[in-house]
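The values are calculated or read from the model by the stated rules, or taken from the named source; none is laboratory data. Keep in mind that this is a model prediction, so the values were computed, not measured. Here the Cβ positions follow ideal geometry from the backbone for every residue, glycine too, while neighbour counts run over all protein chains shown.
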Amino acid sequence: MGIRLVDAQTLRMRWFMDGNIPQYAILSHTWENDQEISYQEMIAISENPAHPAVEKRGYAKVVETCQKARRNNIAYAWVDTCCIDKTSSSELSEAINSMYRWYQQAEVCYVLLTDFDAASASLRDALPKCRWWTRGWCLQELVAPQRVEFFDAGWNYIGLKTDLASLITEITGIEKEVLIDSSLIESLPVARRMSWAAGRETSREEDMAYCLLGIFNVSMPMLYGEGKKAFLRLQEQIIHTSNDLSIFAFHRRSLTNNLSSRYNSSRPYRDLFATSPRDFIGCRDLVHTRMDVHWNNAFSLTNKGIHFR
């Protein structure tokens, strides 16, 4: 596997294999309908600089990202809209499974907040209202990179993730320590990490699972069209790699108690797995107990449910 990068000087695309990847900057942003630039359009622009796609706001994002990279003495950049050939299902699947690592290994991540104007807005009042905090894919783009620089709609510098960590914690519920050192993420309960995505959305239902692969260090194939089954598969993959019982700590407020009343039980029945990260919204303060720390018994998924040993 490798990565496709934009040459920050020429704006031409280049492919690098793992083990030979140069330093690169990476962009995090929210997509605008019909304004983002595709891989095919970038190739067309390299052959014809007067191509109509140069008028798209997405192309301006690529240009500005490359300019910022050059000022930081970084020769390459990665932008999700144009550095993945989305007409190739195999490339898209590999890219989604690699994306957390790509953000983690970037020299710097530039976050563009297109609905924030630093000159006319109070940071504390306006920053939490930005759409960027509500998007599923932006979660890993916040957590994974070590250095994250925030910019407003005019590409005016706002600040570093580490300097804004306290405010970001208030906005997202993500621990300040994790924002400063993402390697600490593995020490947190699964349910607590799920809660970070509870208020986020994705354009496609399946992406609500796919955007969390890196947060839990798991991989799985992309099956667009499977709907809610994608989030079920995500939980199954987590169980295959972890014995963290907190994955069962979710609570679904919309549960009916039809079955429980039928059997005169005071507690409603529920599914074994959650249906979305929203079911974990009440787990933001969950911590490992002494019992969790010393829990060494394995459990696994079988055709009859979960088997504890």
Residue within the range 48-68 that is in contact with a Lys or Arg (Cβ under 6 Å, 6 or more places away or on another chain), modelled with pLDDT of 95 or more, surrounded by fewer than 16 Cβ atoms within 10 Å (Cβ to Cβ) and of a type in the set (S, T, N, Q) present: no
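Look through the range 1-16, keep the residues that are among the hydrophobic types (A, V, I, L, M, F, W, C) and touching a helix residue (DSSP H, G or I) at 6+ places or on another chain (Cβ under 9 Å), and return whichever of them is surrounded by the most Cβ atoms within 10 Å (Cβ to Cβ).
6
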Those residues of the range 211-255 which are of a type in the set (Lys, Arg) and more than 21 Å from the chain's Cα centre (by Cα), in sequence order: 252, 253
Single match in 162, 169 (criterion: among the polar types (S, T, N, Q) and under 13 Å from residue 109 (Cα atoms)): 162
Options 215, 239: the member that is in contact (Cβ under 8 Å) with a residue 12 or more places away in the chain, among the β-branched types (Val, Ile, Thr) and closer than 19 Å to residue 281 by Cα: 215
Pairs where the first residue, in the range 152-163, is closer than 13 Å to residue 68 by Cβ and surrounded by fewer than 14 Cβ atoms within 10 Å (Cβ to Cβ) and the second is at pLDDT 95 or above and not aromatic (Phe, Trp, Tyr), C-beta under 9 Å, 6+ apart: 157/149
Residue ranges of strands (runs of 3 or more DSSP E) in the range 1-104 with at least 2 members touching a residue at least 12 places away in the same chain (Cβ under 8 Å) and touching a Leu at 6+ places or on another chain (Cβ under 8 Å): 13-17, 24-28, 76-78
Residue check, residue 230 modelled with pLDDT under 90 and surrounded by 18 or more Cβ atoms within 10 Å (Cβ to Cβ): no
Failed criterion for residue 147 (all others in (1) in contact with a strand residue (DSSP E or B) (Cβ under 6 Å, 6 or more places away or on another chain); (2) within 28 Å of residue 250 (Cα to Cα) hold): (2)
